[in-house]
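First up is the structure itself, then whatever we jot down about it.
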Amino acid sequence: MLLISWSATAQLSDFTYERSLTGVSEDWHSIALPDQVYGKLKPSLDDLRIYGITENLDTTEVPYILKVNDEKFAIRKHFGQIINKSRSDVGFYYTVELNQPSQINSLKLKFTDSNFDWKVNLEGSLNQQEWFTILENSRILDIQNASTEYSFTDLNFPTSNYQYYRILIKSNKQPTLSSIDIFLEEKTEGVLLDYDVVKWNIKENNQIKTSEIEFELENPVPVNSLKINVATTYDYFRPVSIQYLIDSVKTEKGFLYNYTTIKRTTLSSLEENQFDFKNTIASKFKIIVYNGDNQSLDIKSVDVKGFKYELIARFMDSANYKLVYGNKSARQPHYDIHNFKKNIPVNLKALEVGTENQIIAKDTPSSTALFENEFWLWAIMGIIIVLLGGFTYKMLGTDKASG
């Protein structure tokens, strides 16, 4: 019984930090993770636990699901074909027929041409008699040279429901439009959190012709989106590398920082310059803009966002509940509730998460002394020898009696 009791309390002492959870009134609750927690967790977030201590000092483990409130995308492809090509003084027309009137919001144009810069109009019709304007003077272009490879040929627009679409490409030269992909892209918005930049620094490296933007957040948090705000008003296309700090080493000349790349993309005056990538827990980031022979861009700021993380937990007993974390050897827990997510209520009450306290592991001198003190070791060995001798003598006596 003493060993069982010690084992229950040892579950808590295996972790480094704890926060109280208050407001438990139902079977199911949600728990928003504070920003200060992520930097003290394993990258996999496996060392999160919820424990409850009852009035009888029994310890129970509360099952939970780690929920990431991210975006959900659904892409539906529609089939159509180019049924008419014509030309006017304005440019070249391409009429596309869908199999039936359908809701779409994206046309991806594919050309065999390269190095072009064209304006495009898009119209829709149900009968090819009356046309309605969808897009006007939308820009598409392709740049292929020794320093830049960039192509932007998508037409994105509010969801429309027509059977016929007419594309006007304003060009003096006949474009070679090889194919058109037609999509309805539907996105379910996630819950995004904004994170403030607390440190900001821009360095110009004229030798390798780059601009390096280093910025830091207050805490390591899960980040999946950066928007680079550029004040430059002229057109630009610059290769970009987005990196985050994974570790640092102190040397005689100072700290040596080790960054790893999470995204390679292009900074363009045609797009919003918002870049999404896989969830990354970090606090220090670096953006490298490769300027080539061009003038450096006027970069004003960076917007940092990340999806909201929360725990969905089931509470069964009346207890004093704690969120504990910080155990590098902890493994991912496996709970039954992962197989029954459909049974979890939709609207859950959030619990209040208290301030952080460090868990001080309790010493167990009595159990340690039992094995370190030679007297106890010899006593235990003596008892074992006496018991074995007694059993042996008894067995020998039994054998004589039977003989």
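The values are calculated or read from the model by the stated rules, or taken from the named source; none is laboratory data. All values reported here derive from a predicted model rather than from experimental measurement. Reconstructed Cβ throughout: ideal geometry from the backbone, glycine too, with neighbour counts over all protein chains shown. Note: areas computed on protein heavy atoms with side chains; ligands, DNA, RNA excluded. Shrake-Rupley method; radii C 1.70, N 1.55, O 1.52, S 1.80 Å.
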query: From 206, 219, which residue is surrounded by 15 or more Cβ atoms within 10 Å (Cβ to Cβ) and of a type outside the set (Asp, Glu)?
result: 219
query: Of the conditions (1) closer than 18 Å to residue 100 by Cα; (2) of a type in the set (S, T, N, Q); (3) open to solvent by 40 Å² or more (accessible area, probe 1.4 Å), residue 125 fails just one. Which one is it?
result: (3)
- prompt: farther than 30 Å from residue 225 by Cβ, among the small types (Gly, Ala, Ser) and touching a residue at least 24 places away in the same chain (Cβ under 8 Å), is that true of residue 44?
  reply: no
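Residue-by-condition table, conditions (1) within 27 Å of residue 247 (Cβ to Cβ); (2) in a strand (DSSP E or B); (3) over 28 Å from the mean Cα position of the chain (by Cα):
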| residue | (1), (2), (3) |
| --- | --- |
| 161 | no, yes, yes |
| 165 | no, yes, yes |
| 186 | no, yes, no |
| 194 | yes, yes, no |
query: So which residues in segment 43-74 are of a type in the set (S, T, N, Q) and over 19 Å from the mean Cα position of the chain (by Cα)?
result: 54, 56, 59, 60
- prompt: Do we have residue 173 as in a loop (DSSP other than H, G, I, E, B) and either touching a residue at least 24 places away in the same chain (Cβ under 8 Å) or more than 30 Å from residue 43 (Cα to Cα) (or both) here?
  reply: yes
field: Qualifying residues in segment 144-159 (those that are open to solvent by less than 60 Å² (accessible area, probe 1.4 Å) and either part of a strand (DSSP E or B) or not β-branched (Val, Ile, Thr) (or both)) - the one farthest from residue 79 (Cα to Cα)
entry: 150
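Residue-wise test of (1) modelled with pLDDT under 95; (2) closer than 21 Å to residue 156 by Cβ.
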{"site": "64", "(1), (2)": "no, no"}
{"site": "72", "(1), (2)": "yes, yes"}
{"site": "79", "(1), (2)": "yes, yes"}
{"site": "93", "(1), (2)": "no, yes"}
{"site": "96", "(1), (2)": "no, yes"}
{"site": "100", "(1), (2)": "yes, no"}
{"site": "105", "(1), (2)": "no, yes"}
query: Which members of segment 194-218 meet the condition of being of a type in the set (D, E, K, R) and closer than 17 Å to residue 288 by Cα?
result: 199, 203, 204, 209, 212, 214, 216
- request: For segment 40-78, name all the residues that are under 21 Å from residue 191 (Cα atoms) and among the small types (Gly, Ala, Ser).
  value: 44, 74
